[in-house]
């Protein structure tokens, strides 16, 4: 536990005085504060000096891009760039190419002046099946480690609001990354599962850091160590989900809400997100590096075991269904 060092009744990590003491400026009037030095370079191109979205942001523009990506569909509407995981025949599980494509799509969203909010969702009735179990058999382990590290880092570093629209089952990395989102909206039919030990691997997506902070070490262990499957309403109680909607009206209710969020001034959104999240950024990157190292170690070990490991999965995986 971190205790505020200033005379104050607050105790804990999020004491406002403790947090302000770590920021790269002092507690002058807000109007006198210099912008944070870590603000990304694109901000001067996409935001006006008065804190409102700049005039060249066409929030009503609409387009769909399928040409650049094999397994993603990118749509821009009302300032919201939607990244849809598009492998419904594989339950939107992420393969090697998809891991790289998502990182690229997030970078594109960060640099695009027409994008206020980025949202992720899944094609069909599944959000994502997590890591495609057929992944990585022909890649050197160092390349796997670097690919996974870059994928997770894209979420850590994304400067604009990030929203998850969980339209069905969310497995593995689809669930572990949720604490890095700024809002998570789920259908009541969504389930959340992190079956790492059942697959003989370890946690990723910075969840070994974010889950204990969010829900406490005991509840985090239920999910990350012991493969507990939870409902959308249980996920909301744990802080993984912002709001749960009836499945019948999910799409009709969620998207207008997100479009309304995108009407807010971009500069205020970016600065506010940086204030609340940047104090954790160094720790998240370090955890990400360590998690990806451990995951690739376990993948190497499991591949070496061959049929023995396949039998292990056949025995343990049904317990997670």
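I want to check the label-to-label distance for residue 236 and residue 138. Put each point 7 Å from Cα in the C-beta direction and report it in nm to one decimal.
Between residue 236 and residue 138, the simple spin-label model gives 4.5 nm.
Once you wrap a convex hull around the alpha carbon atoms of segment 129-230, what is its projected area averaged over all directions, in nm²?
Approximately 6.8 nm², given one-decimal rounding.
Stretch residue 281-residue 97 to full length: gain in nm at 0.36 nm per residue minus the Cα-Cα span?
Contour length minus Cα-Cα distance gives 63.6 nm.
To check you understand DSSP bridge types, tell me what percent of the beta bridges within segment 57-248 (both residues inside) are antiparallel, rounded to 5.
If I count the DSSP bridges inside segment 57-248, around 35 percent turn out antiparallel.
Computed over the Cα atoms of segment 57-248, what is the ratio Rg over Rh, Rh following Kirkwood?
0.95
Give me the log10 of I(q) over I(0) for segment 217-301 at q = 0.24 Å⁻¹, as the Debye formula computes it from C-alpha points; what are the numbers?
-1.13
With r as the distance between the Cβ atoms of residue 293 and residue 89 and R0 = 30 Å, compute the FRET efficiency 1/(1 + (r/R0)^6) and round to 0.05.
0.40
How would 151, 138 line up from fewest to most surrounding beta-carbon atoms within 10 angstrom?
By the 10 Å Cβ count, ascending, the order reads 138, 151.
Quick check: the distance between the Cα centres of segment 113-168 and segment 175-227, to the nearest angstrom?
15
With each pseudo-label sitting 7 Å past Cα toward Cβ, what's the residue 75-residue 112 distance in nm, one decimal?
1.3
Using just the Cα positions, wrap segment 95-178 in a convex hull and report its mean projected area in square nanometres, one decimal place.
Mean orientational projected area (segment 95-178, Cα hull): 5.7 nm².
FYI, it's all coordinate maths here, none of it is from the lab. Everything numeric here is computed off the predicted structure, so don't read it as measured data. FYI the Cβ positions are ideal-geometry reconstructions off the backbone, even for glycines, and counts take in every protein chain you see.
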